[in-house]
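Asks: I have a structure I would like to understand better, so I am pasting it below and will then ask my questions one at a time.
The values are calculated or read from the model by the stated rules, or taken from the named source; none is laboratory data. All of these numbers come straight from a predicted model, not from anything done at the bench. Every residue, glycine among them, receives a Cβ derived from its backbone with ideal geometry; neighbour counts consider all protein chains shown.
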């Protein structure tokens, strides 16, 4: 009988995992939440488990006990957590393992160790990785934090020991604000992660965020697949990623990649993971943390290496040995991923909810679309605002920037505002083109006035709609083409009986 793989996640990552499950001859099983009963990913699954919330504000995707109970009732062999939700929750992984369900990811203990930043840092020190100056472990209170900060100098950054995604994180510029920041960061961390412990690091004011993709198996083999640059962020959340990074030379790539592999081997890591580095303005770099899951931005690595990371995650979970050697990993060209979030970049990236009246994606052989929505979908307030990813491949960085801009101009969504105009602005900015942008770009450079005006947005949407209509109706070769001539919009509309 075919193995049954349950995806404890939703939207585009659920569809992505379904694709790999089918490729490997498995049945893909998903949950149907009453918070989005008509979600697109449900159409691609082999089996659907109805998971009514019964008035409970806690989503099925956050309910570890209920997920495992339903998995056992439905004879599930493997569970893939995707990213977010319970993907880095060691108790969930332990619950799966203890009930005889194969958890697609590293061991529960490794998830626990890497989730505690102070533990991860001490293990990184043992493996010989460089660290940003900071506290060796949690600081007990605001007074202790102030004493330590006075030693290393301001600015400093307070980080949640068990944190991630920017929660429980505060930048402190001067001593008289540290008590207030410490309390708010600790309270936020406790609410989000159940752990209010904080540690301190020297704050690098204009760094780059680099991450090395690794893949390990249960036989001790580990390889890396190069780096991604994820410096384009707002509120510590990534918006646009590229691979490789223009700031990393071949010699640095080998040095940092070898370091990432050495660390993963030292801790006995298996499955997909990323070793996160922060790079200062002088080119020095430091270990930040390890993410023990597949990343949102994994497609850019797949585009430039040709390696299917989700396939290998599943195969490793089944005990297979990685057949790829480090010498087999070659970087081919450049890739950029733009996250399409239903947010208003002119209004502090405030979330947008409601109906998507029409959506049209660019379709080219060098473009990959990952999405969980279609025309008529509803964007609810219950989940993350990311509805799609537009991933583009080019022969080099200049080529992929040009192709990505073209793709973003072809994209159209009617009904909600998105981050696409923001991504276009980024791609055309001199600091991005020169690859000198840092994690501070959104805070220190971007202003809403930099976005293109509403007329540009409207004309882009109209052009995409006309192109879509023309292609969909397959106008005959002897019919005049109007799709690239906006002056003939009225004529086309009349011909199509709109």
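Asks: Is it the case that residue 302 is surrounded by 15 or more Cβ atoms within 10 Å (Cβ to Cβ) and without any contact (Cβ under 8 Å) to a residue 40 or more places away in the chain?
Replies: yes
Asks: Also: Inspect the range 135-146 for any residue being over 20 Å from residue 180 (Cα atoms) and over 24 Å from the mean Cα position of the chain (by Cα) and give the result as yes or no.
Replies: Yes: one or more hits.
A quick yes/no check of all residues on (1) modelled with pLDDT of 95 or more; (2) over 27 Å from residue 359 (Cβ atoms); (3) within 25 Å of the chain's Cα centre (by Cα); (4) not assigned by TED's automatic domain parsing to the domain that holds residue 311:
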| position | (1), (2), (3), (4) |
| --- | --- |
| 42 | yes, no, yes, yes |
| 45 | yes, no, yes, yes |
| 52 | no, yes, no, yes |
| 55 | no, yes, no, yes |
| 61 | yes, no, yes, yes |
| 67 | yes, yes, yes, yes |
| 70 | yes, yes, no, yes |
| 78 | yes, yes, yes, yes |
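Asks: Same structure, new question: Residue check: is residue 400 in a loop (DSSP other than H, G, I, E, B), crowded, with 20+ Cβ neighbours inside 10 Å and in contact (Cβ under 8 Å) with a residue 60 or more places away in the chain?
Replies: When the stated conditions are applied, residue 400 does not pass them.
Asks: Any residue at all in the range 246-258 that is touching a helix residue (DSSP H, G or I) at 6+ places or on another chain (Cβ under 9 Å), crowded, with 19+ Cβ neighbours inside 10 Å and closer than 20 Å to residue 292 by Cα?
Replies: yes
Asks: Something else now. Report yes if some residue within the range 451-470 is at pLDDT 95 or above, crowded, with 18+ Cβ neighbours inside 10 Å and in contact with a helix residue (DSSP H, G or I) (Cβ under 7 Å, 6 or more places away or on another chain); otherwise report no.
Replies: no
Asks: Would you list the strands (runs of 3 or more DSSP E) that sit entirely within the range 1-102 and hold 3 or more residues that are surrounded by fewer than 23 Cβ atoms within 10 Å (Cβ to Cβ)?
Replies: Once the strands (runs of 3 or more DSSP E) in the range 1-102 are filtered for at least 3 residues that are surrounded by fewer than 23 Cβ atoms within 10 Å (Cβ to Cβ), what remains is 27-33, 47-51.
Asks: Sticking with this one: Any residue that is surrounded by fewer than 17 Cβ atoms within 10 Å (Cβ to Cβ), over 30 Å from residue 62 (Cα atoms) and at pLDDT 95 or above - is there at least one of those in the range 371-392?
Replies: Within the range 371-392, none of the residues are surrounded by fewer than 17 Cβ atoms within 10 Å (Cβ to Cβ), over 30 Å from residue 62 (Cα atoms) and at pLDDT 95 or above.
Asks: Among (1) within 30 Å of residue 9 (Cβ to Cβ); (2) part of a helix (DSSP H, G or I); (3) modelled with pLDDT under 95, there is one condition residue 143 misses while meeting the rest; what is its number?
Replies: (1)
Asks: I'd like to check which strands (runs of 3 or more DSSP E) are fully inside the range 252-351 and have at least 2 residues that are at pLDDT 95 or above and within 19 Å of residue 20 (Cα to Cα).
Replies: Once the strands (runs of 3 or more DSSP E) in the range 252-351 are filtered for at least 2 residues that are at pLDDT 95 or above and within 19 Å of residue 20 (Cα to Cα), what remains is 271-279.
Asks: Looking at (1) under 26 Å from residue 192 (Cβ atoms); (2) part of a loop (DSSP other than H, G, I, E, B); (3) touching a helix residue (DSSP H, G or I) at 6+ places or on another chain (Cβ under 8 Å), can you tell me which one residue 128 breaks?
Replies: For residue 128, the failing item is (1).
Asks: Continuing with this model, one more query. Those residues that are part of a helix (DSSP H, G or I) and surrounded by fewer than 19 Cβ atoms within 10 Å (Cβ to Cβ), I need them from the range 429-441; list them, please.
Replies: Once the filter is applied, which keeps residues that are part of a helix (DSSP H, G or I) and surrounded by fewer than 19 Cβ atoms within 10 Å (Cβ to Cβ), the range 429-441 yields 430, 431, 433.
Asks: Right, residue 162: part of a strand (DSSP E or B) and within 19 Å of residue 193 (Cα to Cα) or not?
Replies: yes
Asks: Follow-up. Return a yes/no flag: does the range 165-177 have any residue that is in contact with a helix residue (DSSP H, G or I) (Cβ under 7 Å, 6 or more places away or on another chain) and loosely packed, with under 15 Cβ neighbours inside 10 Å.
Replies: Yes, because at least one residue in the range 165-177 is in contact with a helix residue (DSSP H, G or I) (Cβ under 7 Å, 6 or more places away or on another chain) and loosely packed, with under 15 Cβ neighbours inside 10 Å.
Asks: Another question about this same structure. Quick one: would you say residue 123 is over 30 Å from residue 66 (Cβ atoms), in contact with a helix residue (DSSP H, G or I) (Cβ under 8 Å, 6 or more places away or on another chain) and not in a loop (DSSP other than H, G, I, E, B)?
Replies: Spelling it out, residue 123 is indeed over 30 Å from residue 66 (Cβ atoms), in contact with a helix residue (DSSP H, G or I) (Cβ under 8 Å, 6 or more places away or on another chain) and not in a loop (DSSP other than H, G, I, E, B).
Asks: When you scan the range 416-428, do you find a residue that is assigned by TED's automatic domain parsing to the domain that holds residue 304, within 30 Å of residue 306 (Cα to Cα), touching a residue at least 40 places away in the same chain (Cβ under 8 Å) and in a loop (DSSP other than H, G, I, E, B), even just one?
Replies: yes
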